[in-house]
Amino acid sequence: MTSAHPVPHASPASASGAPHVTEPQPYDAVLLAGFGGPEGQDDVIPFLRNVTRGRGIPDERLEEVATHYRHFGGVSPINEHNRQLRQALTEEIARRGLDLPVYWGNRNWDPYLPDAVQRAADNGHTRLLGIATSAYSSYSSCRQYREDFARALVESGQAGHVTIDKVRQFFDHPGFVESFVPGLVEGLEKMFADGSRPEHTRVLFTTHSIPTDDAVRSGPRDEDFGPGGAYEAQHRAVAEAVMERVRAASAAARDVRWELVFQSRSGPPTQPWLEPDICDRIAELPGEGVTGVAIAPIGFVSDHMEVMWDLDNEALEAAEDAGIAAVRTPTPGVDRAFVTALVDLIEERSAAVPASDRPHATQLGPWFDVCRPGCCENARLGFRPAAAGVAP
């Protein structure tokens with residue numbers, strides 16, 4: 001709660017900085033944290049200014065990205081998804097008899113996180129458990145949300161009064177993993193029915209690319225996860241877990257190979273980002289005898305712009321140009337397995353379930369309740385104040 005504690009802004013159960021909590025914590029509300037998105041043409045450039053704040057990017061360059069949003073009427077689907085997710089969480093929480101309202105706030109657009117924290121405090125809710133709409137470890141998918149929590153507490157004037165913890169990264173919770181399986185099975189079987197032979201079909205598990213300097217800093221600094229850090233290692237582990245389940249559900253899928261690809265890079269050409277790019281990889285596949293691809297967006301929890309534009313437009317066009325069949329499979333959205341998993345995580349953290357009893361679908365889990373020192377540093381910005389982890 002103060003600088004005297006290893007974990008700023010934490011509940012008593014998390015303030016010691018232990019990797020997994022051992023004392024139950026009676027939270028009184030859930031804080032759902034999203035990226036945010038525009039909801040009309042007039043919102044697009046102000047939203048993109050928020051996303052790129054501090055980088056000095058002129059509006060002319062922002063307008064190049066804005067065309068993706070303008071194609072959909074200036075509306076990102078991400079806010080509507082979060083409304084649906086908030087409602088689904090509220091209903092599942094009520095079904096279990098838990099008294100936990102769900103507040104929702106965004107990083108880059110209304111409703112903003114500081115306002116959500118203020119609303120919670122005004123309603124007497126001061127022990128918040130955060131859920132970020134991102135499953136993996138990296139600066140942009142974990143630590144930046146923890147920075148958002150700390151900033152929201154300071155800007156709302158609630159630091160020292162409201163505490164915010166965060167559920168563990170849920171990349172390998174069985175419910176998250178399972179939410180990708182039915183859609184991928186259905187997509188593959190449709191391709192097989194249309195004449196694509198399993199041995200000539202490839203699953204491309206895709207996620208947002210990040211700078212390699214940030215990738216190697218993802219996860220705890222005292223563990224070696226390989227050249228892509230915890231971020232890439234987690235995605236590879238999840239892809240393997242999803243594919244195991246798909247092969248168990250579809251005998252024909254047992255001959256299908258898979259690989260991990262990346263998308264949506266936005267840095268300068270001179271800056272290395274994780275590769276291979278999905279469109280580049282699709283262009284190469286016909287030379288390897290591949291006639292069909294199933295694109296599975298395991299890096300995303302909903303169909304937001306990087307899915308609807310970068311996959312449904314650019315990647316599917318790349319497949320058409322390459323002369324191969326392609327299908328894009330669903331994100332979790334408000335899939336029952338996914339929503340149930342998130343509420344399981346709320347109960348798990350509240351009850352301080354021992355790490356040995358926590359469900360996980362890969363050897364990397366269960367991940368930490370309290371992020372470790374030096375976790376997921378931003379190579380450009382360094383360490384900024386963050387909640388829900390051991391400082392820095």
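The numbers here are math on the coordinates, done by the rules we state, and not lab data. Predicted, not measured: the structure shown is a model, and the values here were computed from it. Positions of Cβ are backbone-derived with ideal geometry, glycine not excepted, and every protein chain shown enters the neighbour counts.
For residue 64, project a label point 7 Å along Cα to C-beta. Then give me every residue of the range 255-272 with its amide nitrogen under 17 Å of that point.
So the set is 264-272.
Cut-off 10 angstrom, C-alpha nodes, Gaussian network model of the chain. Which of 234, 271, 158 fluctuates the most?
Top of the fluctuation ranking is 271.
When a/c is below 1.5 the answer is rounded, else prolate if a/b is larger than b/c, else oblate, so apply that to the range 221-285 with a ≥ b ≥ c taken from the square roots of the Cα gyration tensor eigenvalues.
Oblate shape, in that a/c is at least 1.5 and b/c is the bigger or equal ratio.
According to the square roots a ≥ b ≥ c of the eigenvalues of the Cα gyration tensor, what is the shape class of the range 1-113, taking rounded for a/c under 1.5, prolate for a/b larger than b/c otherwise, and oblate for the remainder?
Note, shape of the range 1-113 comes out oblate.
Considering just Cα atoms, how many Å³ per residue does the convex hull of the chain enclose?
In the chain, the Cα hull volume divided by residue count equals 139 Å³.
Please arrange 76, 266, 250 by counting, for each residue, the other beta carbons lying within 10 Å of its beta carbon, fewest first.
266, 250, 76
Stretch residue 283-residue 270 to full length: gain in nm at 0.36 nm per residue minus the Cα-Cα span?
Difference between extended and current length: 2.4 nm.
How would the range 318-392 be classified by its alpha-carbon gyration tensor: rounded, prolate or oblate, with rounded meaning a/c under 1.5 and the a/b versus b/c comparison settling the rest?
It is oblate, given that a/c is not under 1.5 and a/b is not larger than b/c.
Given R₀ = 30 Å, what would the calculated FRET efficiency be for residue 193 paired with residue 84, taking r from the Cβ atoms and rounding to 0.05?
Rounded to the nearest 0.05, the efficiency is 0.45.
Would you mind ranking 265, 328 by Cβ crowding within 10 Å, fewest neighbours first?
Exposure proxy ranking, most exposed first: 265, 328.
Excluding residue 284 itself, what net charge comes from residues whose Cβ is under 13 Å from its Cβ, given Lys and Arg +1 and Asp and Glu -1?
-4
What whole number of Å gives the distance from the Cα centroid of the range 265-329 to the Cα centroid of the range 129-167?
31
Taking 1 over the mean of 1/r across every pair of different Cα atoms in the range 180-328, what Kirkwood radius in Å do you get?
15.8
Based on DSSP H runs of at least 4 residues, each adding -39500 (n - 2.57), what is the mean residue ellipticity at 222 nm of the chain after dividing by all its residues, to the nearest 500 deg cm²/dmol?
-10500 deg cm²/dmol
What FRET efficiency would be calculated for the residue pair residue 221, residue 22, taking the C-beta separation as r and a Förster radius of 25 Å, to the nearest 0.05?
The computed FRET efficiency comes out at 0.60.
Order these by the 10 Å Cβ neighbour count, fewest first: 196, 14.
196, 14
State, to one decimal in nm, how far the label point of residue 53 lies from the label point of residue 95, with both points 7 Å from Cα in the Cβ direction.
Those two pseudo-labels are separated by 3.7 nm.
Hey, in the GNM for the chain with a 10 angstrom Cα cutoff, which one of 279, 376, 142 fluctuates hardest?
Residue with maximal mean-square fluctuation among 279, 376, 142: 279.
Given R₀ = 41 Å, what would the calculated FRET efficiency be for residue 72 paired with residue 363, taking r from the Cβ atoms and rounding to 0.05?
0.55
What are the ³J(HN,Hα) values, in whole Hz, obtained from phi via the Karplus relation 6.51 cos²θ - 1.76 cosθ + 1.60 with θ = phi - 60°, for each residue of the range 57-72 in sequence order, with x given for Gly and Pro?
For the range 57-72, the Karplus-derived couplings read 7, x, 4, 4, 6, 4, 5, 5, 6, 4, 4, 5, 6, 5, 4, 9 Hz, x marking Gly and Pro.
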